[in-house]
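My questions all concern the structure below.
The values are calculated or read from the model by the stated rules, or taken from the named source; none is laboratory data. If you're wondering where the values come from, they're calculated on a predicted model, not measured in any experiment. With ideal geometry, Cβ positions are generated from the backbone for all residues, glycine too; neighbour counts draw on all protein chains shown.
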Amino acid sequence: MADNTELKAGREFHFTKKDFERVRKMIYDHAGISLSDSKQELVYSRLSRRLRTTGIQTFDTYLALLESNDEAEWEAFTNSLTTNLTSFFREPHHFPVLAEHLQKIRGKHPISLWCSAASTGEEPYTMAMTVLDTLGRDASQVSIVATDLDTKVLETAKAGVYPEERISKLDPELVKRYFQRGTGAQEGMVRVRQELRDMITFRQANLLHSNWGLRPPLDVIFCRNVMIYFDKPTQLGILKKFVPLLRSDGLLFAGHSESFHHADELFKLRGKTVYELTPKYKAIRKAEESR
Ligand SMILES: C[S@@+](CC[C@H](N)C(=O)[O-])C[C@H]1O[C@@H](n2cnc3c(N)ncnc32)[C@H](O)[C@@H]1O
């Protein structure tokens, strides 16, 4: 198909293979996200909304605006192309592992957890619930930083307000402990309790960048269901940057379909999608810690 041929006839906006390729390059360079050919429809539908909102008539003009580095539109463009699916206690087998690790290190030093693709917040709030359930009063030793590239999802995360169905499968006792049900205009919504919200600092960070503004050493990194959007070289680049941040006995949690075999010099699988540093890097980090 010629690059300027419309991908599908009869649509509101003319969208060609060339437009798709431009989008593909931009989001890859900016966020590391690799879009496969099968994402053409998704890209059209998500970016059409941006064209309507901005009143821009063609993809060509819209993409030229981005190429001129319009900061606000870059943010909206990026937010449009991320996939933010998440839930409370997603991949629940990870949380007992986290609890066990917290027990092991409690009282030894301040504890730092990082949730690196926090989306709308369910994952870091689940981490915070695990911290409170495991450490009780000692939870005050723990700080949690939750970051994401997408500024829109971070707003939801900070507010901590969700439709009730998001917690319908959770243990009622846990719901009672950690959520408040909305009344009046907030009927049908729940809010995570202040105690949990106070435990987490939410802010934007792009995994592709080299400085995430974190204070090492970190005891735990959650990096779940985001690496799947990146190609192997991008994943490896990110994993390399995790190494000097992680404590020698720290843990890295990955998503169910993510495996870091290609980084086996850096990380070793220690359980179902839970990684630790390899002996070589543990020793390096240990030496650095004792300095
Ligand atoms: C599918 S969600 C996963 C959410 C959560 N970690 C989980 O497993 O339920 C993927 C998240 O990664 C974020 N993301 C995508 N590219 C990113 C990047 N370059 N830096 C940081 N976050 C990114 C998206 O905005 C999205 O919120």
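Taking the criterion of being surrounded by fewer than 17 Cβ atoms within 10 Å (Cβ to Cβ) and assigned to a loop (DSSP other than H, G, I, E, B), would at least one residue in the range 234-254 satisfy it?
Among the residues of the range 234-254, not one is surrounded by fewer than 17 Cβ atoms within 10 Å (Cβ to Cβ) and assigned to a loop (DSSP other than H, G, I, E, B), which makes the answer no.
Which of the residues spanning the range 18-61 are among the polar types (S, T, N, Q) and exposed (fewer than 13 other Cβ atoms within 10 Å of the Cβ)?
36, 38, 45, 53, 57, 61
If I ask for residues that are away from the ligand (no atom under 12 Å from the Cβ) and in contact (Cβ under 8 Å) with a residue 24 or more places away in the chain, which ones from the range 76-103 would you list?
Those that are away from the ligand (no atom under 12 Å from the Cβ) and in contact (Cβ under 8 Å) with a residue 24 or more places away in the chain: 76, 77, 93, 95, 97, 98, 99, 101, 102, 103.
Another one. Does the range 92-111 hold any residues that are within 30 Å of residue 152 (Cβ to Cβ) and buried (at least 18 other Cβ atoms within 10 Å of the Cβ), and which are they?
94, 95, 98, 111
Just to be sure I understand, how many residues within the range 143-165 are touching a helix residue (DSSP H, G or I) at 6+ places or on another chain (Cβ under 7 Å) and either over 19 Å from residue 117 (Cα atoms) or surrounded by fewer than 19 Cβ atoms within 10 Å (Cβ to Cβ) (or both)?
2
Looking at the range 9-41 only, could you name the residues that are of a type in the set (A, V, I, L, M) and within 14 Å of the ligand (Cβ to nearest atom)?
Initial filter on the range 9-41 (of a type in the set (A, V, I, L, M)): 9, 23, 26-27, 31, 33, 35.
Passing the criteria: 26, 27, 31, 33, 35.
Residue 259 is checked against (1) in contact (Cβ under 8 Å) with a residue 24 or more places away in the chain; (2) surrounded by 13 or more Cβ atoms within 10 Å (Cβ to Cβ); (3) assigned to a loop (DSSP other than H, G, I, E, B); (4) among the small types (Gly, Ala, Ser) and fails just one. What number does that condition carry?
Checking residue 259 against (1) in contact (Cβ under 8 Å) with a residue 24 or more places away in the chain; (2) surrounded by 13 or more Cβ atoms within 10 Å (Cβ to Cβ); (3) assigned to a loop (DSSP other than H, G, I, E, B); (4) among the small types (Gly, Ala, Ser), the one that fails is (1).
Could you run through the range 151-170 and say how many residues are hydrophobic (A, V, I, L, M, F, W, C), within 10 Å of the ligand (Cβ to nearest atom) and in contact with a strand residue (DSSP E or B) (Cβ under 7 Å, 6 or more places away or on another chain)?
2
Same structure again: Can you tell me which of 72, 64 is loosely packed, with under 11 Cβ neighbours inside 10 Å and of a type in the set (Gly, Ala, Ser)?
From the options 72, 64, the qualifying one is 72.
Another question, then. Residues of the range 150-166 being within 14 Å of residue 196 (Cβ to Cβ) and not in a helix (DSSP H, G or I), which ones?
Those that are within 14 Å of residue 196 (Cβ to Cβ) and not in a helix (DSSP H, G or I): 160, 161, 162.
Of a type outside the set (Phe, Trp, Tyr), part of a strand (DSSP E or B), touching a strand residue (DSSP E or B) at 6+ places or on another chain (Cβ under 9 Å) and over 29 Å from residue 289 (Cβ atoms): is that true of residue 145 in this structure? Break it down stepwise before answering.
Working: of a type outside the set (Phe, Trp, Tyr): yes; part of a strand (DSSP E or B): yes; touching a strand residue (DSSP E or B) at 6+ places or on another chain (Cβ under 9 Å): yes; over 29 Å from residue 289 (Cβ atoms): no.
So residue 145 fails the test.
Pull out all pairs, ordered by first then second residue, where Cβ-Cβ is under 6 Å, the residues are six or more apart or on different chains, the first lies in the range 142-165 and is free of Cβ contacts under 8 Å to residues at least 40 places away in the same chain, and the second is near the ligand (Cβ under 10 Å from one of its atoms) and not acidic (Asp, Glu).
The qualifying pairs are 156/120.
Tell me the residue from 200, 221 that is among the β-branched types (Val, Ile, Thr), within 12 Å of the ligand (Cβ to nearest atom) and within 28 Å of residue 140 (Cβ to Cβ), please.
When all the criteria are applied, what remains is 221.
Sticking with this one: Which is more than 16 Å from the ligand (Cβ to nearest atom) and modelled with pLDDT of 95 or more, of 133, 148, 138, 70?
Within the list 133, 148, 138, 70, the selection yields 133.
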